[in-house]
Amino acid sequence: MAEESQQHQEFPSVVDRYFTRWYKPDMKGKPCEDHCILQHSNRICVVTLAACHPLLQNGKTIQSISYQISANCSRLQNKVSGKSKRGAQFLTEFAPLCRINCTDGDEYTVYSCIRGRLLEVNENILENPELLKEKPSTEGYIAVILPKFEESKTVTDGLLSQKEYEEIVLRRTNATPDTS
Amino acid sequence: MPLIEEKYRPVAQMLLSSGTCPRCVLRFCCVGTYSPYRLPYKDLDGEMQTYVAVSPGDTADPRWVPPCKKAKLDISIENPGDNFLIDSSQLNDKNDAPSLRSCNLCLGILQDLSEADFIKEIFQTVNSAGYEFKDFVFSVSLPAQMSVREHSTWLQAKQEMGKHGHPFEKTDVIQLKEAYKWITHPLIAEELGVQAVSKSSFEVAVVFAHPETDGDCHFLAKTCKDCFKPTKNKLSVFTRMAVIKALEKIKEEEFCASFSYPPQCPVTVCKVVDLQCSHASVFVAGRYNKYSRNLPQTPWVIDGERKMESSVEELITEHLMAVFKADSFNFSSSGREDVDVRTLGKGRPFAIELVNPHRVQFNVQDMKELQKKINSSDKIKVRDLQIVTREAVAHMKEGEEVKTKCYSALIWTEKVIQEEELQALDHTKELKIAQKTPLRVLHRRPLASRLRVIHSMRAEYVDEHHFRLYLKTQAGTYIKEFVHGDFGRTRPNLGSMMKTTADILELDVESVDVDWPPALDD
Ligand SMILES: [Zn+2]
């Protein structure tokens, strides 16, 4: 970890160069199910799992990922056309994007966290679920969402900034030694 | 030699006695040569009176009564466009008999408005606008009601001719605009020292109006409703085109019942309501180098706020605008580079349309000096600066999609690089990649996956985490995304090929292989 950050010191990564990180901790009240939204300067948002998410912890193995979120709604069927992205599914903060099942029987749901039109989901993680674990903030992304132009500034209002999120994580780690 | 063909004599008599000017009489007598129109108005008037009064071996038409004499009338110019103000006082001061009236057909166009004094006034304002031109088109817009008056007169003349067994088509009548050109072109040439021609890049456009007779058209709206539908940008529904269309549709009897012959002679003459000069766009092309990584190609504005001080476009066009004295410009180029990308080698072809330029005559030496001025910047350099045709610019845009581009990039890899891996890149030819629309442009472009070809690559080792990569690619390939993978949305990408995370630290365009504009020797 230390080595990698040294190499990045001279030159920020692609995510650091073009995106702002926003966090939704304990999504839907489930402890540590933190989501991280990468917002590009052009307002496009990429939904990812934060590094603290239980799925990304040691010992977890992904069994399956499904974008079929209900009997008649699959995020894979989302099709957009033209510059104005006609035909996109519209998502609200709590819209589920996909369900991930682990070999230990746990199931996690990933949510949109922001309002906007769904542009694409990451089909690469269906072929290669390990991407999600190896590169959760880049190639293991979940979905790409385009907020409404007029909401581009306010769409992250309900989320935490990097600094606010780090404080929460710190509080959590300080709390854990007592319980374990 | 008689002024007009004998068979038209009754028409001439009829018109002259009803308040039509002698030049309009020539038109309705189908005189298709310009010299009679160019006779001094008084002389022509005299000849015409003599011609209709006495006819060889015939007595004058008993209906014939001498017409009122034509007098000088007010010429006033209202609301001139584009700051052209014509002082009409000079034209007014020889007003002699205000009770006398204008021609009932041309409303003064072939009378006072064909005189040297008026033409002089017009072209003094043209001259003061400061345009450079070799020749020009003189275009004239006439009030729509003239068509109604002409129609009425033609119907009457046709009837008169018919009595003697002669057919008379509307197209036989010499167009007012045509006659106006015949009279005014020599006067204009004298005033400006250049020729009025039918095709030129410089245009002088005059709009005449005649409020006194505007009402002539109104009855047409009742007979032909669908010809006069209100449109957003027109002040009046009675446009010339709409009136002509309505006249084609209306039945003769209906027309005659609503508009009786002869049309009344007005007391005023047409006035100039707009006078516009315009020069066709001039196109300047060249190739530019961009040496700065903090310079966008075009002004970068977000939410009305400038993000970067300058741009390639501005550094070039500020000098062009200053010497061509154009109203505005349009910048185009063969592709574009990002703000942080340099363009080296022979540069990127560009073309700039200069809209309504006032100065257009520049020789090779002038263009060289202009290039030198642009090149005083240390951020960009321009070469092969030249004036080109509009068609040639289209050629540049065609080349954009098909030509290859060469780049050089400084690459960082997360893992330590082995020499063999770099050799593997050297041996990769015609690599097909699938690129989804990059996230950085996805907000304004459709989402698609496009197949692109990396024709060849060559790598130069820098240190264990860095190397320089030279690429030759199909136009339209996103290089940055090929290197870092854009969240795995470009596949394969340099990172996936080398089984590491790769990033791009610097990118330069080495060549844009479009062989336009032609190279000039320095
Ligand atoms: Zn006339």
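The values are calculated or read from the model by the stated rules, or taken from the named source; none is laboratory data. In this text the structure is predicted, and so the values were computed from the model without any measurement. Every residue, glycine among them, receives a Cβ derived from its backbone with ideal geometry; neighbour counts consider all protein chains shown. Heavy atoms of the whole protein, side chains included, go into the accessibility calculation; ligands, DNA and RNA do not. Shrake-Rupley method; radii C 1.70, N 1.55, O 1.52, S 1.80 Å.
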Exercise. What ranking of A:E134, B:E460 comes out by heavy-atom accessible area, probe 1.4 Å, highest first?
Worked result: A:E134, B:E460
Exercise. Using 1/(1 + (r/R0)^6) with R0 = 56 angstrom and r between the beta carbons of B:S139 and B:R445, what's the FRET efficiency to the nearest 0.05?
Worked result: 0.85
Exercise. Who wins for biggest fluctuation among A:A50, A:A143, A:A88 in a Gaussian network model of chain A, springs between alpha carbons below 10 Å?
Worked result: A:A88
Seminar exercise, completed: Checked against the positive end of the charge dipole of the protein assembly as shown (+1 on Cβ of Lys and Arg, -1 on Cβ of Asp and Glu, about the Cα centre), the farthest of A:L159, B:S332, A:Q63 is A:Q63
For this session: May I ask you to give the percent of accessible area on chain A that is carbon plus sulfur, with a probe radius of 1.4 Å?
Result: 50 percent
Problem set entry | Percent carbon-and-sulfur accessible area, region B:188-242, ignoring ligands, DNA and RNA, probe 1.4 Å | 54 percent
Exercise. Say each of A:Q68 and B:S128 gets a label point 7 Å from the Cα, pointing the same way as Cα to Cβ; how far apart are those two points in nm?
Worked result: 8.2 nm
Exercise. Of B:W300, A:W22, which has the most accessible area with a 1.4 Å probe, and how do the rest follow in descending order?
Worked result: B:W300, A:W22
Exercise. Taking a spot 7 Å from the Cα of B:D226 along the direction of its beta carbon, which residues of region B:239-254 have an amide N less than 19 Å from it?
Worked result: B:239, B:241-252
Exercise. To the nearest 10 Å², what's B:K225's accessible area with a 1.4 Å probe?
Worked result: 150 Å²
Problem set entry | chain A, relative contact order [Cα under 8 Å, separation at least 6], % | 22 percent
Exercise. Per the helix-only calculation at 222 nm, which mean residue ellipticity applies to chain A, given -39500 (n - 2.57) for every DSSP H run of n ≥ 4 and division by its residues, nearest 500 deg cm²/dmol?
Worked result: -6000 deg cm²/dmol
Seminar exercise, completed: Taking Cα pairs closer than 8 Å and at least 6 residues apart, the relative contact order of region B:180-323 in percent is 25 percent
Exercise. When the accessible area of region B:418-522 is split by element with a 1.4 Å probe, what percent falls to carbon and sulfur?
Worked result: 50 percent
Problem set entry | Within chain B, helix-based [θ] at 222 nm, where runs of 4 or more DSSP H residues each add -39,500 (n - 2.57), nearest 500 | -9000 deg cm²/dmol
Exercise. Once you average over the residues of B:432-445, how many Cβ atoms of partner chains fall within 10 Å of each Cβ?
Worked result: 4
Problem set entry | Low-density loop positions, GluC sites (Glu not before Pro), region B:475-510 - DSSP coil, at most 12 other Cβ in 10 Å | none
For this session: Take peptide A:39-45, look around each residue's Cβ out to 10 angstrom, count Cβ atoms belonging to other protein chains, and average those counts.
Result: 3
Problem set entry | Shape category assigned to region B:437-522 from the gyration tensor of Cα positions, a/c cut at 1.5 | oblate
Exercise. According to the square roots a ≥ b ≥ c of the eigenvalues of the Cα gyration tensor, what is the shape class of region A:45-154, taking rounded for a/c under 1.5, prolate for a/b larger than b/c otherwise, and oblate for the remainder?
Worked result: prolate
For this session: Identify the chymotrypsin sites (Phe, Trp or Tyr not before Pro) of region B:439-522 meeting these criteria: DSSP loop state and at most 10 other C-beta atoms within 10 Å of the C-beta.
Result: none
For this session: Taking a cut-off of 23 Å between Cα atoms, list the lysines near A:K83, but don't count ones fewer than 8 places away on the same chain.
Result: A:K148, A:K153, B:K397, B:K436, B:K480
Seminar exercise, completed: Scoring only Lys, Arg, Asp and Glu (+1, +1, -1, -1) among other residues with Cβ under 15 Å from the Cβ of B:L451 yields +3
Exercise. Once a ≥ b ≥ c are taken as the square roots of the eigenvalues of the Cα gyration tensor of region B:319-474, is the result rounded (a/c under 1.5), prolate (a/b larger than b/c) or oblate (a/b not larger than b/c)?
Worked result: prolate
Exercise. Rg to Rh for region A:95-170: what is it, with Cα atoms only and Rh by Kirkwood?
Worked result: 1.01
For this session: Just tell me which lysines come within less than 21 Å, Cα to Cα, of B:K163; anything on the same chain fewer than 8 places away is out.
Result: B:K7, B:K251
Exercise. Counting Lys and Arg as +1 and Asp and Glu as -1, each charge on the Cβ, what is the dipole of region B:414-502 about the Cα centre in debye, to the nearest 20?
Worked result: 800 debye
Exercise. So what's Rg/Rh here for the protein assembly as shown, counting alpha carbon atoms and using the Kirkwood radius for Rh?
Worked result: 1.19
Exercise. What whole number of Å gives the distance from the Cα centroid of region B:467-522 to the Cα centroid of region B:391-463?
Worked result: 3 Å
Problem set entry | About the Cα centre, charge dipole magnitude for the protein assembly as shown (Lys/Arg +1, Asp/Glu -1 at Cβ), debye | 1580 debye
Problem set entry | Positive-end extreme of charge dipole, the protein assembly as shown - chosen from B:Q195, B:S456, A:I145 (charges on Cβ) | A:I145
Exercise. Based on the Cα atoms of chain B, what semi-axes does the equivalent ellipsoid have, where each is the square root of 5 times one gyration tensor eigenvalue, given in whole Å with the largest first?
Worked result: 70, 25, 19
For this session: Name the aspartates and glutamates eligible as straight-distance cross-link partners of B:K325: C-alpha to C-alpha under 18 Å, and not fewer than 8 places from it in the same chain.
Result: B:D82, B:E132, B:E203, B:E313, B:E314, B:E353, B:D366, B:E369
Problem set entry | Shielding of B:447-458 by partner chains, average beta-carbon count, 10 Å | 1
Seminar exercise, completed: Taking A:59-71, B:272-284, B:180-192 and ranking on average Cβ neighbours within 10 Å, highest first, one gets B:272-284, B:180-192, A:59-71
